Structure formats: structure tokens, C-alpha cells
Amino acid sequence: VRIPLIAHVPGWPTGSSAAPVSLVDLMPTILKLTATPLPRGLDGVPIEALITNPKRAKRRFVFADTWRYDLMGRLQMSEVAAMGSKAKATFEPKESAWTLYDLRKDPPVRKSTSRHSKNAAVRALADYVESANGPASMDE
């Protein structure tokens, strides 16, 4: 999902950026703009660092976990995604399906892949899923 963020900040370049950002980046951004020290352990980074350093933005992935439950509280769908500036990878545990999207195409080109793909988005997602002890179990 790509949602535009529009900001007018003195000192920031004008124009647009394909840098992936997330809500977790807002707190460090506001703290930096107000010259407040950043606490250790934040997941986000100041957005300025991403739009002024394209190399850093190209290596960055934003993660999303999505679940859907039925009225009885049973898990119906679970999907995990890693989104970068060029690609998005998704994993659906119920189907054991790994999918890669080329975001440079309009509409994005979709292809099946495996968790062992050499694509950076797939590798980032596989590492994320592993570090989080795997996605939610469909048997819950």
C-alpha cells in the first residue's frame, strides 16, 4: 500500500521521493525537527534522512502484518509484507505462498517465488518472519 505523505518543512528538498516510510518514522522526524534527542531503540528514522540520502532509502524496507478474523474470533487470513522502493514481497502462511511484486511496473508485476529467493525484498521479509517467530498460526 502506498499512501502519499505531503509535508512542507524548511530545509527539506522540494519534489517527491519513492523512499518507503512508515508511521514509525513520524516520531523520530518530529523529535529531530524540534531538536529533541532521539531515544535509543526506535524502529523509525527521521524522514529527512531517507529523502536526502537515496542510497539509504533504496536499502530500506517497511513491514506490515495483516490479519482477518471471523465473528467467532478464528483467524481467517494472515499476510506479512516487506515493501521497498522497487519491490514488495508477501507471505501468506495459510497457502505457504511467497509472492514478489515489481513496483517499477504499472501495474506492479506479480510472480510467485520462494523464501530462498535472492531478491532483497524477499530476503528482508524472510528475516522479519523468522525474527518474529513466524506469522500467526492458522490453527489458532
Consider ILE6 against the criteria (1) loosely packed, with under 13 Cβ neighbours inside 10 Å; (2) aliphatic (A, V, I, L, M); (3) touching an Asp or Glu at 6+ places or on another chain (Cβ under 7 Å): it satisfies all of them except one. Which criterion is unmet?
(3)
Taking the conditions exactly as written (in contact with a helix residue (DSSP H, G or I) (Cβ under 7 Å, 6 or more places away or on another chain) and under 25 Å from ARG123 (Cα atoms)), does PRO46 satisfy them or not?
yes
Whether any residue in region 27-48 is of a type in the set (S, T, N, Q) and open to solvent by less than 50 Å² (accessible area, probe 1.4 Å) is what I want to check.
yes
Among the numbered conditions (1) outside any loop (DSSP other than H, G, I, E, B); (2) out of contact with any Pro (no Cβ under 8 Å at 6 or more places or on another chain); (3) closer than 26 Å to VAL129 by Cβ; (4) modelled with pLDDT of 90 or more, tell me where MET77 comes up short.
(4)
Take THR52 and tell me if it is farther than 28 Å from LYS88 by Cα, more than 15 Å from the chain's Cα centre (by Cα), of a type in the set (Ser, Thr, Tyr) and surrounded by fewer than 16 Cβ atoms within 10 Å (Cβ to Cβ).
no
Scan region 60-74 for residues that are touching a residue at least 40 places away in the same chain (Cβ under 8 Å), surrounded by 12 or more Cβ atoms within 10 Å (Cβ to Cβ) and either touching a Pro at 6+ places or on another chain (Cβ under 8 Å) or not small (Gly, Ala, Ser) (or both) and jot them down.
ARG60, PHE61, VAL62, PHE63, ASP65, TRP67
The listed residue being in contact with a Gly (Cβ under 6 Å, 6 or more places away or on another chain) and within 22 Å of VAL21 (Cα to Cα), out of ALA89, ALA121, ALA126:
ALA121
Might you check whether a residue that is without any contact (Cβ under 8 Å) to a residue 12 or more places away in the chain and surrounded by 11 or more Cβ atoms within 10 Å (Cβ to Cβ) occurs anywhere in region 77-91?
no
So how many residues does region 88-129 have that are of a type in the set (Asp, Glu) and in a helix (DSSP H, G or I)?
1
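The values are calculated or read from the model by the stated rules, or taken from the named source; none is laboratory data. Remember, predicted model here, so these are calculated numbers, not experimental data. Ideal geometry is used to build each Cβ from the backbone, glycine not excepted, and the neighbour counts take in all protein chains shown. Side chains are part of the model used for accessible areas, which takes the heavy atoms of the whole protein and leaves out ligands, DNA and RNA. Shrake-Rupley method; radii C 1.70, N 1.55, O 1.52, S 1.80 Å.
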